[in-house]
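The values are calculated or read from the model by the stated rules, or taken from the named source; none is laboratory data. If you're wondering where the values come from, they're calculated on a predicted model, not measured in any experiment. Please note: Cβ atoms are built from the backbone with ideal geometry, for glycine as well, and neighbour counts cover all protein chains shown. Each accessible area value is taken on the protein alone, full model and side chains, heavy atoms only, with ligands, DNA and RNA left out. Shrake-Rupley method; radii C 1.70, N 1.55, O 1.52, S 1.80 Å.
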Amino acid sequence: MSTMRNGRVALVTGGARGIGAAIARGLAQDGMSVVIADVLTKEGGETAEAINASGGTAVMIELDVTDSASVDAGVAAARERLGQIDVLVNNAGWDQYKPFVDTDEAFWDQILDVNFKGGLRLTRVILPEMIERRWGRVVNISSDAGRVGSSLESVYAGAKGAVIAFTKTVAREAARAGVTANVVCPGPTDTQLLREVAAGQPGGDIVLERMAKSVPMKRIAQPEDVAVAVRFFASEGAGYITGQTLSVSGGLTMA
């Protein structure tokens, strides 16, 4: 891992494990100081320690994206530890497989609160300082479910579709200030969350096998595959790219 810091600070929600941890590691390799913002403090601390041990710079900040007071406090703590936030990665997400007719309003609220409103809360706190400094990168993690739909993920797909539309609008509003906003849409990705969700279905292992078979590359993504796309959007050189949606799906979606 590079020990050459580039002076940028990145905050990654849901950075404790899975895709978020891979993003945090990747941005640290690119020379950024990284804030791992998550409710999973033990796993997040371990991820931060591993980055620091490899020559990078990372801190763990406890932050619940569904709680505005927690977001405010977490961002303030992050600024105190590492300084202004240049790159925001809204990665925190959650889902359960259910037919829409089996869902209720409490479930809808939970899905929307984590997958859509969580990103709204972070962006509302951090975007103004990016606009003021006339530099910033917002990278929102959506899902191919939000582009093409996904059986048993109706509300999640709706929330992730909202993330795409929200990001495009932020991109328009912030473009003249030199702030970009882009979306990365993972396809099926080998994370603990995916395995937990699949395990809740009959024949959980078969669910994962079917996912892999449906992908032209015949495998599901690794978290590092998704991190590469985020690292690109967060880079110094991607300043003229905004409002874009990039799928990382092994060819599963080609639209």
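So if I take the centroid of the Cα atoms in region 1-50 and the same for region 136-194, what is the distance between those two points in Å?
Each part's Cα centre sits 20 Å from the other's.
Let me spell out the model: positive unit charges on the Cβ of Lys and Arg, negative unit charges on the Cβ of Asp and Glu, origin at the Cα centre of region 148-211. What dipole size does that give, in debye rounded to 20?
Approximately 420 debye in magnitude.
Considering Cα pairs under 8 angstrom that are at least six residues apart, work out the relative contact order of the chain and quote it in whole percent.
In percent, rounded to a whole number, it is 18.
Would you list MET32, MET254 from the most to the least accessible area, probe 1.4 Å?
MET254, MET32
Provide the per residue accessible area, probe 1.4 Å, for the chain, rounded to a whole number of square angstrom.
That works out to 46 Å² per residue.
Suppose a student asked you for the relative contact order of region 60-203, using Cα pairs under 8 Å spaced at least 6 residues apart; what percent would you report?
Relative contact order for region 60-203 comes out at 26 percent.
Given the Cα atoms of region 1-102, and with Rh set as the inverse mean 1/r over their pairs in the Kirkwood sense, what is Rg to Rh to two decimals?
Rg/Rh: 1.03.
Taking only Cα atoms and a 10 Å spring cutoff, compute GNM fluctuations for the chain and point out the largest among GLY83, GLY118, GLY18.
In this elastic network of the chain, the residue with the biggest mean-square fluctuation among GLY83, GLY118, GLY18 is GLY83.
Which whole-number percent gives the relative contact order of region 196-255, counting Cα pairs below 8 Å spaced six or more residues apart?
34 percent
For region 9-105, give the percent of accessible area contributed by carbon and sulfur heavy atoms, probe 1.4 Å, rounded to a whole number.
Roughly 47 percent of what the probe reaches on region 9-105 is carbon or sulfur.
May I ask you to rank LYS213, LYS98, LYS117 by accessible area, largest first, using a 1.4 Å probe over the protein chains only?
If we order LYS213, LYS98, LYS117 from most to least accessible, we get LYS213, LYS117, LYS98.
Which value, in debye to the nearest 20, gives the size of the charge dipole of region 112-179 about its Cα centre, when Lys and Arg are +1 and Asp and Glu are -1 at the Cβ?
260 debye
Compute from the Cα atoms of the chain the Rg and the Dmax, the latter being the longest Cα-Cα distance, and quote both in angstrom.
17.3, 52
Past 30 Å, Cα to Cα: identify those pairs from LYS117/LYS218; LYS42/LYS218; LYS160/LYS213; LYS42/LYS160; LYS168/LYS213; LYS117/LYS213, in the order given.
LYS117/LYS218; LYS42/LYS218; LYS168/LYS213; LYS117/LYS213
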